[in-house]
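**Student:** For reference, the structure I am asking about is given below.
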Amino acid sequence: MNRTNFIVSILVSISIFSLFSCTSDEIGNSKDVNPDAVFFDYEVWAEESKEDVTVNLQYRMGGKNGTTLILNEPSKVMLDGEQLKVDSAKVTGAYYEVQRPLSSFAGKHTISFTDLNKKEYYEEFEFKPFSLEPDVASTLNRGDLVFNFKGLDPIDYLSVILTDTSYTSDDINDIDTVRNGRLIIRADRLSALINGPIHLQFYREQILPLKKPTKEGGKFIITYGLKRNFELKDAVKL
């Protein structure tokens, strides 16, 4: 990473911090809010190398950056029939969170929210982790790098991040298209990297439309990723 990109990274970090600062950490009670004015803020995330999937559900007054809410009876939220308990933190406010084993979480799930009027809102989603087949070799030569995936849609999109150990190189950080399970990083893009150890990351972020939101709306994001390390070398000249 060169000095210019280092400064940009700092600015991006500041921007991200500002974004979280703009998201309210205040806590209110759902009994004080019109049920139609509750904003659903749903996130699910996991990594291949982690044991658990995290499901984090928040309810807000005042839109996506609004005050977080504690659900007062009879209001409640359930994941696959299990009622979730409220928790809170200084940065995020009130939230409902559960962790489930990644090894058994693939498949369909249901989030059920009941408002103060006992009206129920169901959101069904499918958690689809992906994998590399075959896996990444310990050493890769310069040239077109081809990666084959299992578990993605015929046309899908992944965030692709490759970083080396040099302070002066630019690294790679892009969103690439995966067609029929295949992603190709062209040889010319590898000029941003020096030979040696490379840290590779693939992330898929799905932004799903809510099927049954309140009038206030909401957002639903599912993120899954995997990481690999390999040695990058010059192609062998015959």
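**Student:** Being under 16 Å from the mean Cα position of the chain (by Cα) and not aromatic (F, W, Y) is the filter here, so list the residues in the range 215-238 that pass it.
**Tutor:** Of all residues in the range 215-238, those under 16 Å from the mean Cα position of the chain (by Cα) come to 219-227.
Within the range 215-238, K219, I221, I222, T223, G225, L226, K227 qualify.
**Student:** Looking at the range 50-101 only, could you name the residues that are of a type in the set (D, E) and either touching a residue at least 24 places away in the same chain (Cβ under 8 Å) or part of a strand (DSSP E or B) (or both)?
**Tutor:** Matches in the range 50-101: E51, D52, D80, E82, D87, E97.
**Student:** Let me ask something else about it. Filter the range 24-53 for residues that are surrounded by fewer than 16 Cβ atoms within 10 Å (Cβ to Cβ) and either under 13 Å from the mean Cα position of the chain (by Cα) or not small (G, A, S) (or both) and give the result.
**Tutor:** Narrowing the range 24-53 to residues surrounded by fewer than 16 Cβ atoms within 10 Å (Cβ to Cβ): 25-27, 29, 31-32, 34, 36-37, 48-52.
D25, E26, I27, N29, K31, D32, N34, D36, E48, K50, E51, D52, listed by residue number.
**Student:** Would you be able to say whether some residue in the range 215-224 is open to solvent by less than 50 Å² (accessible area, probe 1.4 Å), out of contact with any helix residue (DSSP H, G or I) (no Cβ under 8 Å at 6 or more places or on another chain) and among the basic types (K, R)?
**Tutor:** As a first pass, look at the range 215-224 and keep what is open to solvent by less than 50 Å² (accessible area, probe 1.4 Å): 217-218, 220-224.
Narrowing further to those that are out of contact with any helix residue (DSSP H, G or I) (no Cβ under 8 Å at 6 or more places or on another chain): 217-218, 220-224.
Filter again for among the basic types (K, R), leaving none.
No - not one qualifying residue is present in the range 215-224.
**Student:** Ok, one more. Residue under question is N117, and the condition is that it be of a type outside the set (K, R) and surrounded by 12 or more Cβ atoms within 10 Å (Cβ to Cβ); does it hold?
**Tutor:** On the way: of a type outside the set (K, R): yes; surrounded by 12 or more Cβ atoms within 10 Å (Cβ to Cβ): no.
Considered against the rule, which asks whether it is of a type outside the set (K, R) and surrounded by 12 or more Cβ atoms within 10 Å (Cβ to Cβ), N117 comes out as no.
The values are calculated or read from the model by the stated rules, or taken from the named source; none is laboratory data. This structure is a prediction, so every number in the text was calculated from the model and none was measured. Here the Cβ is made from the backbone with ideal geometry for all residues, glycine too, and neighbour counts use every protein chain on show. Ligands, DNA and RNA are stripped out before the accessible areas are found, and what is left, the full protein with its side chains, is counted by its heavy atoms. Shrake-Rupley method; radii C 1.70, N 1.55, O 1.52, S 1.80 Å.
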